[in-house]
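Structure first, commentary second.
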Amino acid sequence: MNARPLAALGVAITTFLVVAALITEALAARIAFSAIVGLPVGLAAGIVTGAATRTRLWRSPRARPALLGIAAFGYAILAVAAVSYAVPPARGLVSVATAVPFAAVCAVAAALLARRYPERIR
């Protein structure tokens, strides 16, 4: 399976989410609309890391499990957000406190599977 585009997009999504959230929260006390700063910076960081993953980082077979784990984290966060949005009864159950541990478990599982079956990943 050619996982390079999947990993590049997932790493970009994860980087965007993490950087945008960190900058938005760090500036929240000083700037009223801190998301105006956090979102573009997160988008730029996501584009850079996605391009780096696709062009340079994927060449190292030892880095692939970690890259796929990072990508799985972003995909899991998006899946939780989609469920929270699409299923109204789930909105009370879904929060950052439940989404992040779920995404972390998904990331570890993806990295371990990629490490266990490296011949299936190109």
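The values are calculated or read from the model by the stated rules, or taken from the named source; none is laboratory data. Predicted model, so just to flag it, every value in this text is computed and none were measured. For neighbour counting, all protein chains shown are included, and Cβ atoms are generated from backbone atoms with ideal geometry for every residue, glycine included. Ligands, DNA and RNA are excluded from the accessible area calculation, which covers all protein heavy atoms including side chains. Shrake-Rupley method; radii C 1.70, N 1.55, O 1.52, S 1.80 Å.
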Helix 35-55 against the longest principal axis of the chain: what's the angle in degrees, Cα atoms only, rounded to the nearest 10?
0 degrees
Which three lengths, in whole Å and largest first, does segment 68-109 cover when its Cα atoms are put on their principal axes?
30, 16, 12
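Ignoring ligands, DNA and RNA, what percent of the accessible area of the chain is carbon or sulfur (1.4 Å)? Mind dumping the intermediate values first?
On the way: 5690 of 7800 Å².
Reported share for carbon and sulfur atoms: 73 percent.
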What's the angle, to the nearest 10 degrees (0 to 90), between helix 96-116's Cα axis and the longest principal axis of the chain?
10 degrees
Helix 4-27: angle to the longest alpha-carbon principal axis of the chain, degrees 0 to 90, nearest 10?
30 degrees
Per its Cα gyration tensor (rounded if a/c is under 1.5, else prolate when a/b beats b/c, else oblate), segment 29-89 is best filed as oblate
Give me the dipole magnitude in Debye, nearest 20, for segment 51-122 about the Cα centre, with unit charges on the beta carbon: positive for Lys and Arg, negative for Asp and Glu.
440 debye
Among ALA76, ALA114, PHE33, whose Cα projects farthest towards the positive end of the dipole of the chain, with charges put on the beta-carbon of Lys, Arg (+1) and Asp, Glu (-1)?
ALA114
Structure-derived volume of the Cα convex hull per residue in Å³ - corresponding label in [x] 115; [y] 322; [z] 92:
[x]
Might you report the magnitude of the Cβ-based charge dipole of the chain about its Cα centre, with Lys and Arg at +1 and Asp and Glu at -1, to the nearest 20 debye?
580 debye
